[in-house]
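**Student:** Next up is a structure, given as structure tokens.
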Amino acid sequence: MSRDNFDFKFSQCFGDKADIVVTEADIITAVEFDHSGDYLATGDRGGRVVLFEKNNSKHCEYKFLTEFQSHDAEFDYLKSLEIEEKINQIKWLRPSQKSHFILSTNDKTIKLWKVYEKNVKLVSENNLSDGMASSRFTGGRGGSSRNGAGGSARAVMSLQDLKLPRLSQHDKIIAAAPKKVYSNAHTYHINSISPNSDQETFISADDLRINLWNLDVPDQSFNIVDIKPANMEELTEVITSAEFHPLHCNLFMYSSSKGTVKLCDMRQNALCDYKTKTFEEYLDPINHNFFTEITSSICDVKFSPDGRYIASRDYLTVKIWDVNMDNKPLKTINVHDQLKERLSDTYENDAIFDKFEVCFSGDSSSVMTGSYNNNFMIYPNVTSTGDDGGGVVKNFDDSSRKVQFNDRKKSSFSSTNSSSNGSKVSSAFRRGSDGSRSSFDDPTSTSSQQNTQQQQQQQHLHQQQGNNKEIVLQADKSAFKSKRFGTLSQRSARNKEWGDDIDFKKSILHFSWHPRENSIAIAATNNLFIFSAS
């Protein structure tokens, strides 16, 4: 499948599609593809993990595989604290000998699960089977009974008659067994886990500490980051997310509530909370307000699969960083521009504390994040340099657009962009909305020049779709269709459409991008949506 195709369409939906009251335990809190993309795992507030397997007979279609209870509610009697069963994160490990391994965590305990195919065998023949028993006590000369009228089969069995029972294949089931339990190492709630590329260790992070574990040693961990101050009154920041580098087993990063991302090398220090590479963008104090400290807190941070880039998500923006350049981000994507004037409302209903995730595509070129009204956004080719001078959007906001087309061309492009007919779109590029010629048309050009011009326009259109667009999809069980808003006028229409009708309870927080193709899995309350660009 081409990675340049971003025409995402609804493919599947798992979960209750009826408009009923959603049970709290059924709300999905974690979504993760495995390294091959053939398996998909979800976790929910009820502590359950549900696995799906790709249906090879159909493109981008998944089927239910198995479900198991990963965590149960507990009570810490020492601290009088109830520990939820909610699954905070799920991570796949590399499969081994036809078995799959999954790390799942709630607020306090991490578990390693082995998922495998188990053969169920039943006893098909034993010493008391009807056929064998009848042959023993009805056989003999003249067909007379060996044990008389009132005897039993057991009474006439001799040593030579006894045989081992026979087992036959009855069924195959997918079983899940807990192999290791990693507990009692975190004082505060675990917010993230990340397996290492060496497949031998993983890290777990809570608000103030990051621990390094060996997968084979569940009762011991090493503390590699500790930002807890001697006096808790001096606490100024907390750890919000942590992740290992996808290629280098000695590197990991973590983000903080101060809006910084720190890249650490475990070869330099045993304790990696100093001498780190810090990615931080300077914010002019003039622009500070009451909500700045909350909105600048990074809620999720991810490496690109090739390890070259970092994506960090705070409440209002997504920032793309180059690991070799820590003084400023490559790009800043304004996700929630329309909420800047409504931060007081989001503060009152606690929506400002929502933790949105961010993730890269499998080819490390595009990113995806969530929003409200069950909308989520895809930003194609954000890691490209964008130096082609073709109206490149540097920051995906209106002020940073290098405008090279007149308003008439913009309106004509936006009016036909939603059409799937490529010829209509190209003709809209060539002519304004009023049918008059634009600067793309050359009145004196020959037919060959026009063909060349059309090819260039098609290429330019493809480049615009790949580089300059914000693709907005909606995972809504009432619509079951996707929308695409990308140009200036379309984004403006979306902002107007939001208005006062923002449903803050319908937020897309958890999702995953297929590692090998343009397919995505979205958690929308208690439903799992699959979108694919075929």
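**Student:** At R516 and K328, where each label point lies 7 Å from the Cα along Cα→Cβ, what is the point-to-point distance in nanometres?
**Tutor:** Result: 4.1 nm between the two label points.
**Student:** Let me ask something else about it. Please give the peptides 323-333, 115-125 ranked by average Cβ packing (other Cβ atoms within 10 Å per residue), highest first, as a rough proxy for protection. It would help to have the intermediate numbers written out before the result.
**Tutor:** Values: 323-333: 16.5, 115-125: 12.9.
Top to bottom by mean Cβ count within 10 Å: 323-333, 115-125.
**Student:** By per-residue mean of other Cβ atoms within 10 Å, what is the highest-first order of 62-70, 161-169?
**Tutor:** Details: 62-70: 15.7, 161-169: 10.4.
Listed from highest to lowest mean packing, they are 62-70, 161-169.
**Student:** Set the Förster radius R0 to 35 Å, insert the Cβ-Cβ distance between Q169 and H189 as r into 1/(1 + (r/R0)^6), and round the FRET efficiency to 0.05.
**Tutor:** On the way: r = 46 Å, r/R0 = 1.30.
Using R0 = 35 Å, I get an efficiency of 0.15.
**Student:** Also: Mind checking the full-extension length gain between R94 and V217? Use 0.36 nm per residue of separation minus the Cα-Cα distance, one decimal, nm. Numbers along the way, then the final one.
**Tutor:** Details: separation 123, 0.36 × 123 = 44.28 nm, distance 1.78 nm.
Net length gain for the segment: 42.5 nm.
**Student:** Kindly state, to the nearest 0.05, the FRET efficiency for I294 paired with E61, given R0 = 41 Å and r defined as their beta-carbon distance. Let's see the in-between values first.
**Tutor:** Values: r = 41 Å, r/R0 = 0.99.
Calculated value: 0.50.
**Student:** Of the heavy-atom accessible surface of the range 197-341 (probe 1.4 angstrom), what whole percent is carbon and sulfur? Don't jump to the answer; show the numbers that get you there.
**Tutor:** Values: 3290 of 6800 Å².
Here it works out to 48 percent.
**Student:** Residue separation times 0.36 nm, minus the C-alpha to C-alpha distance between D284 and D337: what's the value? Let's see the in-between values first.
**Tutor:** Details: separation 53, 0.36 × 53 = 19.08 nm, distance 1.83 nm.
Here the segment from D284 to D337 would lengthen by 17.2 nm.
**Student:** Okay, moving on. Between N119 and D226, what FRET efficiency comes out of the Förster formula 1/(1 + (r/R0)^6) with R0 = 51 Å and r the beta carbon distance, rounded to 0.05?
**Tutor:** Details: r = 47 Å, r/R0 = 0.93.
Efficiency, rounded to the nearest 0.05: 0.60.
**Student:** While we're looking at this one, here's another question. Quickly rank 264-276, 505-517 as a protection proxy: mean count of other C-beta atoms within 10 Å, highest first. Could you put the intermediate results ahead of the total?
**Tutor:** Numbers: 264-276: 14.9, 505-517: 20.3.
Descending mean neighbour count gives 505-517, 264-276.
**Student:** Let me ask something else. Grab the other residues whose beta carbon is less than 13 angstrom from that of K79, score K and R as +1, D and E as -1, and report the net.
**Tutor:** Values: positive: K108; negative: E74, D76, E82, D107.
So the environment of K79 carries a net charge of -3.
**Student:** Taking a 28 Å limit on the Cα-Cα distance, which of the listed pairs K262/K505; K91/K277; K111/K258; K54/K505; K9/K277; K114/K506 fall beyond it?
**Tutor:** Violating the 28 Å Cα-Cα cut-off are K262/K505; K111/K258; K54/K505; K9/K277; K114/K506.
The values are calculated or read from the model by the stated rules, or taken from the named source; none is laboratory data. In this text, all values refer to a predicted model and were calculated from it rather than measured experimentally. In this analysis, Cβ positions are derived from the backbone assuming ideal geometry, glycine residues included, and neighbour counts consider all displayed protein chains. SASA here: full protein model, heavy atoms, side chains in, ligands and nucleic acids out. Shrake-Rupley method; radii C 1.70, N 1.55, O 1.52, S 1.80 Å.
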